[in-house]
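Here is the structure we will look at, set down as structure tokens.
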Amino acid sequence: MKRKVFEIGIILLCYILQTTFLKDIALAGISPNLMIIIPVLFGYISGKYEGMFVGFVSGILFDLFYRDVVGFNALIFMYIGYISGMLFFKDFYKDDIVFPLIVVSAGDFIYGFFSYVTYFLLKNRLDFSYYFLNIIVPEIVYTLFITILLYKIVLKINVYLEDKKNRKERRYGSGTLGSC
């Protein structure tokens, strides 16, 4: 329960930062996408179900305040968090920063591609190279710089929550009744 409260708190903090402070420091109208970083990192560090939960809540929050269609970003963020946890959770090394950066850039590219298809291609705007070079690539680069800062914070929070969970399990047992 405490883990979910911390995760929702992180989601709200990142959402507030994304909609206020990061909009002010946008370069050429492009700001980093914190709402993609956190599902990918939680999936990568904590597993597919945590990535899916964080992605869904992040996407719903984003959809409610920014998009006309509720659920699109929730679905995309949920799948990105789930896939990052499903494919890369076993390859998790605390000290490695390069692999999480690759996973975040892939997640941001997938989000940018689906955003292009949904919001531009279906409206007959067919210039993908322009969208790719002027929106997707700068957002990926900017997001990677912020990921370097956020990775250590999310990692420390996850270690804290895992230690707390392990101490509780040692104190009270694993909670299974079949060991009589």
Cross-link reach from Lys94 to lysines, straight Cα distance under 26 Å and at least 8 residues apart if same chain, gives Lys2, Lys4, Lys48, Lys152, Lys156, Lys164, Lys165, Lys168
The stretch 107-163: D in µm²/s via Stokes-Einstein (Kirkwood Rh, Cα pairs, 4 °C, 1.567 mPa s)?
-> 98 µm²/s
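When every alpha-carbon pair in the chain is counted, what percent end up more than 23 Å apart? Please list the in-between numbers first.
Values: 6804 of 16110 pairs.
Cα-Cα pairs of the chain separated by over 23 Å account for 42 percent.
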PRE zone check, label point 7 Å out along Cα-to-Cβ of Glu162, amide N under 15 Å, scope the stretch 102-119, hits none
The Cα extents of the stretch 1-89 along the principal axes, largest first and rounded to whole Å, are 34, 24, 24
Given 0.36 nm per residue, what is the gain on full extension from Val98 to Thr19 after removing their alpha carbon distance, in nm?
-> 25.7 nm
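Could you sort the peptides 58-67, 109-118 by per-residue average Cβ neighbour count (10 Å cutoff), highest mean leading? Please list the in-between numbers first.
Details: 58-67: 18.8, 109-118: 17.2.
Ranking, from highest mean packing down: 58-67, 109-118.
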Using 0.36 nm per residue of separation minus the Cα-Cα distance, give me the extension gain between Val70 and Ile148 in nm, one decimal.
-> 25.1 nm
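Assuming 0.36 nm per residue, please report the length gained on full extension of the stretch Phe113 to Arg170 beyond their Cα-Cα distance.
Working: separation 57, 0.36 × 57 = 20.52 nm, distance 4.57 nm.
That works out to 16.0 nm of additional length.
Among residues other than Ser31 whose Cβ falls under 10 Å from its Cβ, what is the net charge (Lys/Arg +1, Asp/Glu -1)?
Working: positive: Lys23; negative: Asp24, Glu139.
Taking every other residue near Ser31 into account, the sum is -1.
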Sequence of Lys152, Lys123 from largest to smallest accessible area, 1.4 Å probe = Lys123, Lys152
If we sort 17-23, 34-40, 78-84 on the protection proxy, mean other Cβ atoms within 10 Å, highest first, what's the order?
-> 34-40, 78-84, 17-23
Derived scalar couplings ³J(HN,Hα) [the stretch 46-52; Karplus, 6.51 cos²θ - 1.76 cosθ + 1.60; whole Hz; x for Gly, Pro] | 10, x, 5, 6, 5, x, 5
Ellipticity estimate at 222 nm from DSSP helix runs (n ≥ 4, -39,500 (n - 2.57)) divided over the chain, nearest 500 = -24500 deg cm²/dmol
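Please give the per residue accessible area of the stretch 1-124, computed with a probe of 1.4 Å over protein heavy atoms only, in Å². It would help to have the intermediate numbers written out before the result.
On the way: 6390 Å² over 124 residues.
Ligands and nucleic acids excluded, the result is 52 Å² per residue.
The values are calculated or read from the model by the stated rules, or taken from the named source; none is laboratory data. Quantities reported herein were computed from a predicted structural model and do not represent experimental measurements. Glycine also receives a Cβ, built like all others from the backbone with ideal geometry; neighbour counts cover every protein chain displayed. Only protein heavy atoms, including side chains, enter the accessible area calculation; ligands, DNA and RNA are left aside. Shrake-Rupley method; radii C 1.70, N 1.55, O 1.52, S 1.80 Å.
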